[in-house]
Amino acid sequence: MDDDELYAIGDVARRTGLNVSTIRYYSDAGVIDPTRVSEAGYRLYDVRAIARLELIRTLRDLDAGLDDIRRLLGGETSLHDLLVTHLELVERQERDLRARRAVLRTLVKQGGTAAQAALMHKLVSMPDEERERLVDDFWNEVGEGLDVPSGFVDRLRTMRPRLPEDPSAAQLEAWIELADLVQGEEFRRAVRSYLQDTYGAFPGRSLAAAPVWDFIHKDGAKIGEELVAAYRSGMAPDSPRARELAVRMASAAAEAMDAQSTTEQRERLARAFLLVEQLRREDSQEEERYDATHGRYLSLVELINDTPPSTGEDDPAIFTWIASALRASAR
């Protein structure tokens, strides 16, 4: 292609993939003028004009506006700045589409009404401050007058949803469900009743005390993961590795309680684990109750925050295994 050669609008259309009427429109709109207009009134374009038309086509395919393209070609902005601005716009549109999809999917699953659609749209577009207030209102009502160890509800309150700036559709759907649940009186009563029954009396009350709770969910969590992995691997509870883990857990627990790790302390821990196993085996309804109340709250928070599910073990036999490892370590 000769740099100085001029091409008729039909040739330009074939070279750029634009149709003739679009090229004329760009000229009439002041986006790009022809290189020259012949005496007969025909618009002619050189290779530089054709290259600009190809750029315009690319940017229009990316949905860039003509005003922005006109500013770019006029030297009022750079291509980089134009692309950055347009990328931000596309990303906002993508977030809006994800939010709409989350609302629509939830409505389809629930067979929702127009009123529910309006509510769900409000939930996904809710500012962070309103989300925080909604969760605080939930815990304020759940915790009011609850007969559990001091500070327990405040510790539960820290496990709360943090919807990211660019959430996935799954995170948005989880937030819609959680926001709907925590505003419902029935769910609030159910969570309150579960917490009172579980942590208002022995053995749950002991587990909800600050030193024990903090150990279970902080310092003891890592050791707990290692114990679960050892159990799942088929390791014998009296093996050197199992005994080592049991000693570490007992020592960390004693330190958390400002006590000494002794043979008697390991025996008390062993009996506590056996009691937990007994309770787990005898009361499967409590597991279902947990899954429908506080457990559902926590699982949705994990989805929203994109955090790994809490380490747990569905097989109650793990508690016997840990008790055996504790007793083996004391021999």
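Read-outs: derived from the displayed coordinates by stated rules, not from any lab. Bear in mind that the values here come from a model prediction, so they are computed numbers and not experimental data. Here Cβ is always computed from backbone atoms with ideal geometry, including for glycine, and neighbour counts include all displayed protein chains.
How many nm is it between the label spots at E267 and S239, if each spot is 7 Å from the Cα in line with the beta carbon?
It works out to 2.8 nm between the two label points.
Please compute the modelled spin-label separation between F202 and Y25, points set 7 Å along Cα→Cβ, answer in nm with one decimal.
8.2 nm
Quick one: in region 132-271, what % of C-alpha pairs are over 24 Å apart?
Counting pairs separated by more than 24 Å, the tail of P(r) holds 49 percent.
Report, in debye and to the nearest 20, how large the dipole of the chain comes out about its Cα centre when Lys and Arg carry +1 and Asp and Glu carry -1 on their Cβ.
Magnitude of the dipole: close to 640 debye.
Based on the alpha-carbon gyration tensor of region 191-331, what equivalent-ellipsoid semi-axes (square roots of 5 times the eigenvalues) come out, in whole Å, largest first?
Listed largest to smallest, the semi-axes of region 191-331 are 26, 17, 15 Å.
Counting pairwise Cα distances across region 15-66, what percent come out greater than 17 angstrom?
Summing the P(r) of region 15-66 above 17 Å gives 30 percent of all pairs.
What does the helix-only formula give at 222 nm for the chain: each DSSP H stretch with n ≥ 4 adding -39500 (n - 2.57), the total divided by the residues, and the result rounded to the nearest 500 deg cm²/dmol?
-22000 deg cm²/dmol
GNM, the chain, Cα, under 10 Å: largest mean-square fluctuation among S168, S239, S27?
Among S168, S239, S27, the largest GNM mean-square fluctuation belongs to S27.
Magnitude of the Cβ-charge dipole of region 22-69, K/R +1 and D/E -1, about the Cα centre, nearest 20 debye?
180 debye
Once the other residues with Cβ under 14 Å from the Cβ of E76 are scored (Lys, Arg +1; Asp, Glu -1), what is the net sum?
Computed value for this residue: -1.
Could you identify which residue out of P149, P127, P164 has the top mean-square fluctuation in a GNM of the chain using Cα springs shorter than 10 Å?
Of P149, P127, P164, the Gaussian network model singles out P127 as fluctuating most.
Name the residues of region 224-249 whose amide N is less than 17 Å from a point 7 angstrom out from the Cα of A317 along the C-beta direction?
Output list for this probe position: 228-239.
Consider a paramagnetic label point 7 Å from the Cα of H86 along Cα→Cβ; state which residues of region 50-64 have an amide N under 16 Å from it.
Counting backbone N atoms under 16 Å from the label point, the list is 51-64.
Using the Cα centre of region 125-177 as the reference point, and only Cβ charges (+1 on K/R, -1 on D/E), how large is the resulting charge dipole? Debye, rounded to the nearest 20.
For this selection, approximately 220 debye.
Hey, how many Å between the Cα centroid of region 237-306 and the Cα centroid of region 164-179?
Region 237-306 and region 164-179 have Cα centres separated by 31 Å.
Show me the three semi-axes of the equivalent ellipsoid for the chain, from the C-alpha gyration tensor (sqrt of 5 times each eigenvalue), largest first, rounded to whole Å.
The equivalent ellipsoid of the chain has semi-axes of 66, 25, 16 Å.
Efficiency by 1/(1 + (r/R0)^6): what FRET value for R157 and R105, r their Cβ-Cβ distance, R0 = 25 Å, to the nearest 0.05?
Step by step, r from the Cβ atoms, then E = 0.25.
Give me the aspartates and glutamates in straight-line cross-link reach of K122: C-alpha distance below 15 Å, same-chain residues under 8 apart excluded.
Hits, sequence-local ones excluded: D96, E130, E132, E173, E177, D180.
Label points 7 Å out from Cα along the Cβ direction at S78 and S251: separation in nm?
Between S78 and S251, the label points sit 5.8 nm apart.
Put +1 on the Cβ of every Lys and Arg and -1 on every Asp and Glu Cβ in the chain; which of V108, A64, L146 then has its Cα farthest towards the positive end of the dipole?
With unit charges placed on the Cβ atoms, the residue in question is L146.
Filter the chymotrypsin sites (Phe, Trp or Tyr not before Pro) in region 6-81 to those in DSSP coil with at most 16 other Cβ atoms within 10 Å of their Cβ, and list the result.
The qualifying sites are Y42.
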